[in-house]
Structures are given as structure tokens and as C-alpha cells.
Amino acid sequence: MNQADVSKLISQLRIAVRPNKRHLKNVDGPEGRLLKLRKTVTALVKHERIELFYNRADEARGYAELLISNAIRHGDRHKATMELADYWLLEKQLVHKLFKVLVPRYENSNISYTRMFKAPRDYPGIFYRKSVLELRGNPFPVLTPDNSQNRNLLHNVLLDEARKEFRREKLANLANKLAAETENATPSTPAQVPVTEQPEQSEEAPKA
Amino acid sequence: MNINVRILTKSVAQQYAFKRIVTFSTKPTQQAAAAAVPQQQEVTGSTVRRPIVPAHYRFVYPEFLPDPKVEWRNTIREKLERLDMLDRRRQIELPEFYVGSILAVTSSDPHAAGKTSRFVGICIHRERCGLRARFILRNVIDHQGIEVVYELYDPTIQKVEVLRLEKRLDDSLFYLRDALPEYSTFDENMEVESLEEGAPVPVNDIKVVLRPRPWLERWERQNLLGVANIEQYIKDKHRKSSEKAQKPWEKYDLMKQYRATIPEEEQKEIFAEVHTELHTLELQRKRNKRKRTFVKPKHLA
């Protein structure tokens, strides 16, 4: 039972965090591991969408999220945060991008700043799982299929039915209105009777 | 406004009636309570003050935060423990103290029935959380270094006094074991040194002088701020090995820090839960203190 470290305040991540880190085998030990992840985070901030092995992407994702959340929390006047950005972003022009582009983009968001997808692995090839890691709000076309036009999805089925019903109602109203008008024009002949009788006749016809 | 009040009273009355009828079910009453709260807020106006938890609570009551290790988390157990801790705090005054403060703990012993023992010493370490929170006191008595581990919520503890409230430069003071005895010698009959109300806790920047090697730990590797003469006793090989053992990248390892701490949102939730109770206990303590200040002077002029 250890006490929580309270020296620093950190915002809660909006992604699922594993209880333990992955070691990402490296000859240089933990420092080499971090260098690997720094390269990934730098590439992510630079290109906004990258494709890489799943484990490395999943590890780097947490670091990228925390870097952005720290930048949002402290801003660019905070020395420790600036040092962090300097360490994690190997290309220094990206420090400007972090504070001037990404911070305004994510300031008011209440979901995670990054998104991760599982990608297919090429066969035959290296057996590692692959993934796509991207920043939200990137300029590229979306990777998820657009289901809004799929006619078989339940919400679309329901919408279609509602639309049909609405049209039917409108037509019925129109018919009633027309009938009423004709009734007013020729008050001697009852207008509504033929309207109601007609379907009965049509129904009877196929039976007979 | 009047209409609002009328509606409110009506609705409240309805809710109470409802409550009275359905006493066996908790769920509808909870819902009713939840429904009642926003209405009352509407009536009182938009400036509804919520209990604001002071930022220093996480330093004063670190044991209320759970262990960050995910495998050991259990929200229900944590909550029950917090309730038990508050129960204990209602029985006994457990004051604010830090590593480096000088405490006097009066406790009873199952093997010495009807007797109590008082131990004065400097707190060299605080660890664990929840009901298991504990601290180590150290003193030198009859030229013999003595350390006692106390559990903060142990029911055999009868009184905890803070004789001198201060911090040191380091998070734990285990190096006092290798320091000269005068640095961990404290008078048993020391009197309470009171701080001004609202003053920040002073940091004692005393530099401790170590004995020559052999030491219990490799202090040269730990980047201690409160030790004066490490350089005096280490050789080049120690210097090299300590350089090798340094981990300068750890301050950039964000996920490591994240996994070692409780996120801010969760901390807020936890302290919002216990804040009112702790605050009332604090106020009570202050009142008691004021009463205690009118003590007859020992030495008459």
C-alpha cells in the first residue's frame, strides 16, 4: 500500500490506461524506450495520422495525451511544461504547433485528443498487430465507414418509416381538403362518401 | 418569485408525503431528493456556493487518497475506509504533520494493561494509505537510536501532539540513521511550539552531517538535499556508480507519473466527499486550542 504522489496535479486521461507499462524491448533500457516513444509522439504531432505497430502506438498514445493535456493546463509560460515539450518533440518547430495549433483545437473538448484504430497486417509479413494513431480534428478523410446512408441500419429504417407515414398523412389531408372543397362547390352530392367507398370497392374487387 | 415558492412548497410537501408512504424503498426517495435540490437552487438564486475543497488538502490528508496501483483499487472498500477514518478522527485529534515534524505519541500497549507510554521523536517517513497509513518516529534515547512505527488509525493510540510543525528538504529522512546522533535527538519534555494561524508550514533547511561509511544505504545515489557532507566520504568509484544509477529521464516519463498519482478529477471527488466533515473537525480543534491557551503560567514573575 503506497501513498499516491501528490506533488503534481495531472488531469484524468480520457482513454483506457493499462495498469502497467509495456517495456518495448530496447537495448538502451528505459531511456531507449522513451526515445522510441519520443519519435512516435513527434511523428504523431507532425503528421497527425500515423500507421505503426499496435503496442508502440498504444504506449505512445498516453504520452501524447498527457503532453497535450499538460500544455492545455499550464500554457506556454510554464517552464516545466516547456521543458516537457522540448523533450518530447524532437523537431522544435512542433513546439509552436503544440501550443498554437493543438492547444486551441482541444481546449474545450471533453473527449480524448487522439484516436486509435486497429489496422490489418500484411500477409506474409511481420506478425505484430498494426494500428493507426491519429489526432482528432486532423485534415485527412475519416477512416471509419460512413453509416449514415446505410438503409439497413435501424435508425435509418425508422426514419424511412416515419417519412413514409408523414407523406401518407399529408396525402390524406390533401385528399380530405379536396373532398371538402368539392363538397362546398356542389353541396347536393355528399363528397366524403365516394372517398370512403372507393377503397372498399377496390378491396372487394380482388376478392371477387 | 412567490409563484415559484408556492410551487416549491407544494412539490416539497408532495415529496415528503411520498417519502413518508414509501419508507422501505430507497430509490424513489433518492430521486425525489435529487429533484428537490435543483428547485431549491432556483429559488435561492444563481449564486449557489458549493463546498470548495482547499488545494492543500492533498498534502495535509494524503492518506485519504487511495493507492494508485490499479490492481489494488476497490472503490467500495476505499469509501468504507474513508468513513472509518472519519469515525476515528471524530474520536481522536489527528493533527496535520509532515515528514520532519516532531511529534509526541501517547499509546497504550496490550502487554501493559492500564498503562500508557509517550514517545517523542521526529517523523522520518510516512507511508501507506487508508486505514493502514503509518509513520515512523525516531529519537535517540540513552545514546541509542530508537524508532517506533505507529499506525495513524491504530485504536491503541491515545493522543498525537505536534510539538514542532515543519517540513524538511527531503521526502523521507532515513539518512538520519546514518547521521550524527545529535540530529535525531529531541528532548522528551519539549514544549509545543505554536505556529501563527494561517501561516505556511516552515521548511527547515538544516543540513545533516553523516557518520563515515559504511552506511545503511547508498546515500550518494539519492540526490539528497538535507545532507551536508556526502562528498567527504565517497571515492571516485562511488561517484561513477552513482552517476550511472541516475535516471534523469524519469521526470519526463509522464505515464509513470500518471500511474503513481490519482488524477485531479478523482482527488476532487474524494475530498469533496470528506471535506465538510474534516472542516468541522478542524474548526473544533481550533476552538479547543483557544481554550487551552489560557493556562496558568509556570514561572511567576
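The values are calculated or read from the model by the stated rules, or taken from the named source; none is laboratory data. Computed from a predicted model, the values in this text were never measured in an experiment. Cβ placement follows ideal geometry from the backbone for every residue including glycine, while neighbour counts extend to all protein chains displayed.
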Query raised in the report: Quick one: residue B:53 ticks every box in (1) at pLDDT below 95; (2) under 14 Å from the mean Cα position of the chain (by Cα); (3) within 14 Å of another protein chain (Cβ to nearest Cβ); (4) not in a helix (DSSP H, G or I) bar one, so which box is it?
Result: (2)
Report task. Just one of (1) more than 13 Å from every other protein chain (Cβ to nearest Cβ); (2) surrounded by 14 or more Cβ atoms within 10 Å (Cβ to Cβ); (3) closer than 25 Å to residue B:260 by Cα trips up residue A:65, so point out which. Result -> (1)
**Report entry** Any hit, region B:207-220, residues being more than 30 Å from residue B:69 (Cα to Cα), touching a Gly at 6+ places or on another chain (Cβ under 9 Å) and β-branched (Val, Ile, Thr)
**Finding:** yes
**Report entry** Unmet criterion (only one of (1) farther than 20 Å from residue B:124 by Cβ; (2) of a type in the set (D, E, K, R); (3) surrounded by 10 or more Cβ atoms within 10 Å (Cβ to Cβ); (4) at pLDDT 95 or above) for residue B:207
**Finding:** (1)
**Report entry** Criterion (more than 30 Å from residue A:46 (Cβ to Cβ) and not charged (D, E, K, R)) met by exactly one of A:150, A:110
**Finding:** A:150
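Which of the following residues is β-branched (Val, Ile, Thr), touching a strand residue (DSSP E or B) at 6+ places or on another chain (Cβ under 8 Å) and surrounded by 16 or more Cβ atoms within 10 Å (Cβ to Cβ): B:201, B:192?
After applying the criteria, what remains is B:201.
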Query raised in the report: Cβ-Cβ below 6 Å, separation at least six or inter-chain, first residue in region A:36-64 and in a strand (DSSP E or B), second acidic (Asp, Glu) and at pLDDT 95 or above: which pairs?
Result: A:49/A:134
Query raised in the report: Among the residues of region B:186-194, is there at least one that is within 30 Å of residue B:105 (Cα to Cα), modelled with pLDDT of 95 or more and within 23 Å of the chain's Cα centre (by Cα)?
Result: yes
Report task. Look at region B:233-276 and say how many of its residues are touching a residue at least 24 places away in the same chain (Cβ under 8 Å), part of a helix (DSSP H, G or I) and among the hydroxyl-bearing types (Ser, Thr, Tyr). Result -> 2
Requested in this report: Please find, within region B:225-274, the residue that is farthest from residue A:60 (Cα to Cα) out of those that are within 14 Å of chain A (Cβ to nearest Cβ) and of a type in the set (S, T, N, Q).
Outcome: B:267
Report task. Tell me, yes or no, whether region A:160-178 has at least one residue that is out of contact with any Lys or Arg (no Cβ under 9 Å at 6 or more places or on another chain), at pLDDT 95 or above and surrounded by 14 or more Cβ atoms within 10 Å (Cβ to Cβ). Result -> no
Requested in this report: Could you grab the pairs with beta carbons closer than 8 Å, sequence gap of 6+ or different chains, first residue in region A:75-98 and over 15 Å from residue A:38 (Cβ atoms) and within 13 Å of chain B (Cβ to nearest Cβ), second one charged (D, E, K, R) and not in a helix (DSSP H, G or I)?
Outcome: A:82/A:76
Query raised in the report: residue B:144 versus (1) surrounded by fewer than 15 Cβ atoms within 10 Å (Cβ to Cβ); (2) within 14 Å of chain A (Cβ to nearest Cβ); (3) of a type outside the set (Val, Ile, Thr): which is the lone unmet condition?
Result: (2)
Report summary line: Checking A:18, A:33 in turn, the sole residue that is farther than 21 Å from residue A:102 by Cβ and outside any helix (DSSP H, G or I) turns out to be A:18
Query raised in the report: Which ones in region A:8-41 are more than 7 Å from chain B (Cβ to nearest Cβ), farther than 21 Å from residue B:69 by Cα and of a type in the set (D, E, K, R)?
Result: A:25, A:28, A:33, A:36, A:38, A:39
Query raised in the report: Which condition does residue A:154 not pass, out of (1) surrounded by 10 or more Cβ atoms within 10 Å (Cβ to Cβ); (2) outside the structural domain of residue A:42 (by TED's automatic domain parsing), if it passes all the others?
Result: (1)
Query raised in the report: Just to be sure, is residue A:97 assigned to a helix (DSSP H, G or I), over 30 Å from residue A:14 (Cα atoms) and at pLDDT 95 or above?
Result: no
